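Just below is one structure, and these are the notes that go with it.
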Amino acid sequence: MKSPHGIQRKLQQRKQNNSLRSLSVTAEGIDFYSNDYLGFAKSKTIYTEAIQLLKQKNLEVNSATGSRLISGNTNFHEEVEAQIANFHQAETALLFNSGYDANVGFFSSVPQRGDVVFYDELIHASIRDGLQMSLAKTYKFKHNNLKELQRKVDKLTTSGDIFIVTESVFSMDGDTPELEKLANFCTRKNIFLIVDEAHALGVFGEKGEGIIQQQNLQDKVFARIMTFGKGLGAHGAAILGSSQLKEFLVNFARSFIYTTAISPHAVATISSAYQALENSSAKEKLKQNIQYFQQQVEKFQLASKFIKSESAIQSCLIPGNEQVKTIAESLQQQEFMVKPILSPTVPVGEERLRFCLHSYNSQEEIFKVLQLLATFVSK
Ligand SMILES: Cc1ncc(COP(=O)(O)O)c(C=O)c1O
């Protein structure tokens, strides 16, 4: 059937810009691209414990069968929310089907008409999408630039509430804002701070609690977003915050209300994955790999190309969609699964190879992929 003109035009534009996205089936190779930082997605222990848990709870079912507000809520959902809140030293946790849903639900409902939201220019698409649905005024600030943010806040006159949203590990850059300074600024100014910890969960903190707890800032943050599809190797997300925030979200967050509840099976996997964090050595192995990767980047004189990051995300800037795609293909031909991140996902000129590191990458794999990269990248 013929397509509408808009569809044809936009696809044509993407082709011209060399930025057309397409699906490819996950290939065999050395994993430098998945978000499974700790290998939990493939953990047989987590898998079998989740099944056991479902049996114990008499929840051997395939679906939640309805919204949490209709038929989809179980004691188990509530127990696991309490487990998550306890792990994160938060008053409450509210589960969502995904981090995307959590952010859209939060940002479309919490900031109201008359309120103001400041967001980092590199904030995740799910937060931007939520903000687009909000009636609040929104302003972006330069990436991790606290000084500029403070200037903008100081200039503002409003009788509404002010919110600031950032990520503790940025998904495309892997870097971290000055969270302590930011949290103290927000406390001084009565600003509500929201931090998306998608890429910090499982990676930072004594047991992988995230950077907010690592820096003991949990009481200065209004809400934290934890997503389970990355370090936890599961599905879903939770918003951490006060009981009143939870009550509000249950009443007003449309992506929580008008959707089938997260399945008991996903909830069991989340619960087992949190249990696994309690005594897993994977976090330590990941940390060693991050350090080794950084050392080798120096050794191959690639440091000027990489965005400074202490996280599992290490990005090498290679401007131009065509160039970054070509280098990624060369690495993939040698079985190194590294994804090029193209504009418009990142700004034009900041296209990059995004290396995701894992507990299960060997030092030999890291050495070899960087050795190969060095042959393609001019220093
Ligand atoms: C910072 C950030 N927040 C939220 C999300 C969305 O999480 P999910 O994959 O669970 O929808 C992502 C994932 O891409 C992310 O990187």
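A count restricted to the stretch 128-185 and to residues that are acidic (Asp, Glu) and within 14 Å of the ligand (Cβ to nearest atom) stands at 4. Here is the figure for the stretch 59-84: residues that are surrounded by 19 or more Cβ atoms within 10 Å (Cβ to Cβ) and of a type in the set (A, V, I, L, M, F, W, C) total 3.
Take the conditions within 13 Å of Glu91 (Cβ to Cβ), under 18 Å from the mean Cα position of the chain (by Cα), within 16 Å of the ligand (Cβ to nearest atom) and buried (at least 23 other Cβ atoms within 10 Å of the Cβ) and apply them to Ile270. Does it pass? No; evaluated as a whole, the condition is false for this residue.
Being small (Gly, Ala, Ser), closer than 30 Å to Ser343 by Cα and in contact (Cβ under 8 Å) with a residue 12 or more places away in the chain: is that true of Ser67 here?
Numbers: small (Gly, Ala, Ser): yes; closer than 30 Å to Ser343 by Cα: no; in contact (Cβ under 8 Å) with a residue 12 or more places away in the chain: yes.
In short, no.
The residue of the stretch 296-318 that is farthest from the chain's Cα centre (by Cα), among those that are assigned to a helix (DSSP H, G or I) and surrounded by 14 or more Cβ atoms within 10 Å (Cβ to Cβ), is Gln296. Listed by position, the helices (runs of 4 or more DSSP H) contained in the stretch 1-96 that have at least 1 residues being closer than 30 Å to Lys220 by Cβ and out of contact with any strand residue (DSSP E or B) (no Cβ under 8 Å at 6 or more places or on another chain) are 75-87. Selection of the stretch 210-245 for residues being closer than 17 Å to Ile127 by Cα, within 10 Å of the ligand (Cβ to nearest atom) and in contact with a helix residue (DSSP H, G or I) (Cβ under 6 Å, 6 or more places away or on another chain) yields Ile225, Thr227, Phe228, Gly236, Ala237.
Residue-wise test of (1) outside the structural domain of Thr326 (by TED's automatic domain parsing); (2) more than 16 Å from the ligand (Cβ to nearest atom); (3) modelled with pLDDT of 95 or more.
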| site | (1), (2), (3) |
| --- | --- |
| Met1 | yes, yes, no |
| Lys15 | yes, yes, no |
| Ser24 | yes, yes, no |
| Asp36 | yes, no, yes |
| Gly39 | yes, yes, yes |
| Ala50 | yes, yes, yes |
| Leu53 | yes, yes, yes |
| Lys57 | yes, yes, yes |
| Asn73 | yes, yes, yes |
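Among residues of the stretch 93-127 being within 12 Å of the ligand (Cβ to nearest atom) and of a type in the set (Val, Ile, Thr), the one that is surrounded by the fewest Cβ atoms within 10 Å (Cβ to Cβ) is Ile123.
Based on this model, can you work out whether Ala90 counts as among the small types (Gly, Ala, Ser), at negative phi and surrounded by 21 or more Cβ atoms within 10 Å (Cβ to Cβ)? Step through it out loud before you land on a result.
Values: among the small types (Gly, Ala, Ser): yes; at negative phi: yes; surrounded by 21 or more Cβ atoms within 10 Å (Cβ to Cβ): yes.
Judged against the criteria, Ala90 is a match.
Which strands (runs of 3 or more DSSP E) sit wholly inside the stretch 134-213 and have at least 2 residues that are touching a Lys or Arg at 6+ places or on another chain (Cβ under 8 Å)? First the steps, then the outcome.
On the way: elements: 137-141, 162-167, 192-196.
Passing ranges, in order: 137-141, 192-196.
Figure legend. Inter-residue proximity from the stretch 216-232: first residues within 29 Å of Ser43 (Cβ to Cβ), second residues part of a helix (DSSP H, G or I) and among the basic types (Lys, Arg), beta-carbon distance below 9 Å, spacing 6+ or different chains. Indicated pairs: Gly231/Lys283.
For every residue, the table says whether it meets (1) surrounded by fewer than 19 Cβ atoms within 10 Å (Cβ to Cβ); (2) closer than 20 Å to Thr176 by Cβ; (3) of a type outside the set (Lys, Arg).
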| residue | (1), (2), (3) |
| --- | --- |
| Asn289 | no, yes, yes |
| Gly320 | yes, no, yes |
| Ser330 | yes, no, yes |
| Phe336 | no, no, yes |
| Ser343 | yes, no, yes |
| Gly349 | yes, no, yes |
| Leu373 | no, no, yes |
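On the given criteria, is Phe248 in contact with a helix residue (DSSP H, G or I) (Cβ under 8 Å, 6 or more places away or on another chain), of a type outside the set (Gly, Ala, Ser) and more than 16 Å from the ligand (Cβ to nearest atom)? Taking the combined requirement at face value, the residue satisfies it.
The values are calculated or read from the model by the stated rules, or taken from the named source; none is laboratory data. Since the structure is predicted, the reported quantities are computational estimates derived from the model, not experimental observations. Note that we place each Cβ from the backbone using ideal geometry, even for glycine, and neighbour counts take in every protein chain shown.
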